[in-house]
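Reading through the structure tokens given below for one structure.
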Amino acid sequence: MSQSEQLTQDNWPELALKGDYGRKEDTRFSDYDGEGSLSVVLSVPLFTGGTLYSNSQAKAHSEQIARVTQNTNLRKTVHLITNHRNLIHSLRKVYATQLTHLEQQQEIVQLSLKSYDIKQTSMQDLLTATNRLIDAKNALMETSGTLGTLYRQFAWELGKPFPSPITRQNR
């Protein structure tokens, strides 16, 4: 909008105060007699009718483009925030499911250990259960990290960044 204002600013009358102070040529510095003048200058553009019209049209078009651009940027921002909110919601469901899966894998490992102690399962079954538990923990950690990043991005986009974990611990 401010750029559109610049299109017509040269087409209006201008009032200026100008001054000049100097010395006559070919005089020595010791004989310095300064002369000066002060004047008020009014500049009126006489033949700018067509330019004024075209610049006012350009200003109107520029303002329209600025409004459309602002509206487009606002829609992009709302769309981005909505997508991040939906992604966070979906990822929270995934996190809850993975947490349940992790608890199940922990129980399976405990049962496999007991079964191995009484010689009901082999070492291979125990190692397989332990590996699945490790995979469940890794998936949960990855989801937790991604979710934390999305929370921070979402808060940043809303203009309310999270305090750092270090700041929260010091309180």
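Please treat every number below as a calculation from the coordinates, not as lab data. Source: prediction; values computed, not measured. As a convention, Cβ positions derive from the backbone with ideal geometry for all residues, glycine included, and neighbour counts pool all protein chains shown.
Between Glu103 and Asn131, what is the spin-label point distance in nm, taking each point 7 Å from the Cα along the Cα→C-beta axis? Label at Glu103, label at Asn131, 2.7 nm between them.
Below 12 angstrom from the Cβ of Asn131, what's the summed charge of the other residues (Lys, Arg +1; Asp, Glu -1)? Value of the local net charge: 0.
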